[in-house]
Amino acid sequence: MMKFITCLLSLTVVTFSITAVEAAQVEVKWTNPEKYTDVDSAEGHRQKFKERTFKNLEAHFSKLAEKLPEQQKLMFEVTNLDLAGDINYGIKRVRIIKDIFSPRMKFSYELLNADNTVVKRDDVSLHDMGFLTHSSLKYRNESLSYEKKMFDDWFKKTFENNMTK
């Protein structure tokens, strides 16, 4: 029994290692984040919230990049971010989600091959005015759900011919 468990754990580690290598590399540069439209926390420390938001989005970008060939590199330079909703500055700071406070993101990207030749490049301005009407429940219980859905739609449309999975 112990031999079986050891074998199973080894197989799991090997499988995870292979999976982790099969993704395009992702680099994200957050340019002048102090000038972004809205990356404010409703509660808590604003700088820590901003850092968590950036890490969360970077992880999401990397997860999507798993669908691209491993020898490619996807580079982003984010120049603006406006989270869904708006902060109400009453007695208690609360993020109010209404259709007039839609998520937005501005960035440029480059998809590079292993030899650093450019496969695709563009300046992008995402804006999801119908973010509250989408029926997708994929990110319902996650933070930045509206932003992730908006980015997923763009990613799928932009890289559908480059995806390997």
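The values are calculated or read from the model by the stated rules, or taken from the named source; none is laboratory data. On a predicted model such as this, the values are computed, not experimentally measured, just so you know. Positions of Cβ are generated from backbone atoms using ideal geometry, with glycine treated the same way; all protein chains shown enter the neighbour counts. Note: areas computed on protein heavy atoms with side chains; ligands, DNA, RNA excluded. Shrake-Rupley method; radii C 1.70, N 1.55, O 1.52, S 1.80 Å.
Values for this structure:
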read-out: Residue within the stretch 52-59 that is within 23 Å of Lys35 (Cβ to Cβ) and either surrounded by fewer than 13 Cβ atoms within 10 Å (Cβ to Cβ) or in contact with a Cys (Cβ under 8 Å, 6 or more places away or on another chain) (or both) present; value: yes
read-out: Within the stretch 135-159, considering residues that are part of a loop (DSSP other than H, G, I, E, B), without any contact (Cβ under 8 Å) to a residue 40 or more places away in the chain and under 24 Å from Arg52 (Cβ atoms), the one most open to solvent (accessible area, probe 1.4 Å); value: Arg140
read-out: Residues that are assigned to a loop (DSSP other than H, G, I, E, B) and under 22 Å from Asn161 (Cβ atoms), drawn from the stretch 22-81; value: Glu22, Ala23, Ala24, Glu66, Lys67, Leu68, Pro69, Glu70, Gln71, Gln72
read-out: All positions within the stretch 82-102 that are assigned to a strand (DSSP E or B) and acidic (Asp, Glu); value: Asp82, Asp86
read-out: Pairs where the first residue, in the stretch 23-34, is over 12 Å from Glu70 (Cβ atoms) and the second is open to solvent by less than 40 Å² (accessible area, probe 1.4 Å) and among the hydroxyl-bearing types (Ser, Thr, Tyr), C-beta under 9 Å, 6+ apart; value: Trp30/Tyr36
read-out: Residue in the stretch 78-87 that is out of contact with any Phe, Trp or Tyr (no Cβ under 9 Å at 6 or more places or on another chain) and not acidic (Asp, Glu) present; value: yes
read-out: Flag if Lys156 is modelled with pLDDT of 95 or more, on the phi < 0 side of the Ramachandran plot and out of contact with any strand residue (DSSP E or B) (no Cβ under 8 Å at 6 or more places or on another chain); value: yes
read-out: Residue that is surrounded by the most Cβ atoms within 10 Å (Cβ to Cβ), among those in the stretch 87-129 that are hydrophobic (A, V, I, L, M, F, W, C) and more than 21 Å from Leu74 (Cβ to Cβ); value: Phe101
